Amino acid sequence: MSQICTEFYDWVEEWVEQEIQKCQQKKCKKWCLCCNKWFCWIEIALVKVGQWVVRIVCEVVSVVLDAVAGILGIIFAIPIIGRLLHQIWNALIEIVWRIIGLLGALLDWLGLDWQKKYRICIIILSKQGKPLTTEAALLPTIQSAQAVWKAAANVKLIVEAVHTVVSTDERDRNLIVECDFGAWTDDLFLSGSNFELYANVYCFYGAGRRLIGWASPVVVFAVEDIVNHRGCSLGLFTDYVTIKASSPGCLAHELGHAAYPYWRHHSDPVNLMHQSCNGTQLKEWQRILIRNSRHITYL
């Protein structure tokens with residue numbers, strides 16, 4: 001929420017600067033003591049005051065939401081009961097935001113598909129104190145995913161942060177995970193608990209948005225291995241995905257699963273949702289469904 005507040009603040013600031021330049025460039029009508037400039041200066045002053053008020057309110061709400069989400073995150077990290085509650089909560093807010101977003105889906109269907117934003121927070125796990133990969137090593141994959149999402153869905157993929165978990169615990173259950181049904185059971189037990197705690201600690205400034213669902217950032221975990229897969233997502237039931245640190249090419253594809261309510265892979269190899277992870281395109285109906293996700297918003 002805080003980052004969205006900052007982005008909105010910066011956008012308004014840029015608009016104000018443009019208006020100031022326009023106001024300065026207006027020729028003064030001396031016969032009325034430059035009365036033609038009075039209103040534009042008053043308008044700019046009102047916008048500046050409103051901008052300050054909105055920023056303060058937004059920041060306060062952001063801090064409160066993140067704090068509440070951090071507390072609830074401890075409950076959601078409890079194996080079985082807490083994890084099941086979290087899965088149910090994610091499913092409910094997914095349905096709510098898809099209903100709220102029906103107007104946006106209608107606009108997309110009519111061809112008015114203005115750019116939306118999709119935020120992620122990346123967490124790199126470590127083995128015996130050594131990170132499984134680095135931000136620099138992931139950069140080409142991130143840039144490729146950004147290009148795919150822009151071209152396929154007119155969505156700007158934003159990396160809010162990249163963090164590394166330094167751990168020396170060789171028994172870390174999160175290093176090697178499963179997919180499909182195995183991923184669901186992993187999420188119910190200690191693996192899911194650890195992922196929840198990591199997300200709330202390292203991606204704290206997105207915790208409030210993940211709780212309420214709106215503009216909810218997806219947490220991407222770079223793990224050592226995913227049994228028989230290079231990436232995995234539980235779709236609407238979680239707010240995180242896993243990718244293989246040594247072969248992260250499924251990033252764009254798994255982010256598609258996180259925003260896509262349809263479980264099955266597409267049969268066309270060029271489709272983003274094909275299981276090969278090499279696809280870069282979307283059908284129009286896929287595009288509308290994905291852009292209607294709680295993770296993808298105009299702001």
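The values are calculated or read from the model by the stated rules, or taken from the named source; none is laboratory data. As the structure is a computational prediction, the values presented were derived from the model and not from experiment. Glycine gets a Cβ as well: all are built from the backbone with ideal geometry, and neighbour counts include every protein chain shown.
List of remarks:
- Residues of the stretch 125-165 that are in contact with a strand residue (DSSP E or B) (Cβ under 6 Å, 6 or more places away or on another chain) and either of a type in the set (Ser, Thr, Tyr) or over 28 Å from Asn228 (Cβ atoms) (or both): Thr133, Val155, Lys156, Ile158, Glu160, Ala161, Thr164.
- Contact annotation: residue pairs with Cβ atoms under 6 Å, 6 or more positions apart or on different chains, pairing a residue in the stretch 244-273 that is closer than 15 Å to Val148 by Cα with a partner that is hydroxyl-bearing (Ser, Thr, Tyr) and surrounded by 21 or more Cβ atoms within 10 Å (Cβ to Cβ), are Glu254/Ser233; His257/Ser233; Ala259/Ser293.
- If you go through the stretch 248-272 and keep only what is polar (S, T, N, Q) and either at pLDDT below 95 or under 19 Å from the mean Cα position of the chain (by Cα) (or both), you end up with just Ser267.
- Failed item in (1) more than 17 Å from the chain's Cα centre (by Cα); (2) touching a residue at least 12 places away in the same chain (Cβ under 8 Å), with Val155 passing the rest: (1)
- Scanning the stretch 178-197 for residues being closer than 24 Å to Arg264 by Cβ and either at pLDDT below 90 or not aromatic (Phe, Trp, Tyr) (or both) gives a total of 10.
- Filter result for Cys121 (surrounded by 15 or more Cβ atoms within 10 Å (Cβ to Cβ) and either over 21 Å from Ala69 (Cβ atoms) or free of Cβ contacts under 8 Å to residues at least 24 places away in the same chain (or both)): no
- Thr164 vs. criteria farther than 16 Å from Gln87 by Cα and among the β-branched types (Val, Ile, Thr): yes
- Here Gly206 meets each of (1) touching a Cys at 6+ places or on another chain (Cβ under 8 Å); (2) free of Cβ contacts under 8 Å to residues at least 60 places away in the same chain; (3) more than 24 Å from His265 (Cα to Cα) with one exception, condition (2).
- Note on the stretch 192-299: no enclosed helices (runs of 4 or more DSSP H) hold 2 or more residues that are touching a Ser or Thr at 6+ places or on another chain (Cβ under 8 Å) and surrounded by fewer than 17 Cβ atoms within 10 Å (Cβ to Cβ).
- Pairing residues of the stretch 64-90 that are farther than 13 Å from Ala199 by Cα and not assigned by TED's automatic domain parsing to the domain that holds Ser191 with residues that are of a type in the set (Lys, Arg) and surrounded by 16 or more Cβ atoms within 10 Å (Cβ to Cβ), at Cβ distances under 9 Å and at least 6 apart in sequence or on separate chains, gives Leu65/Arg209.
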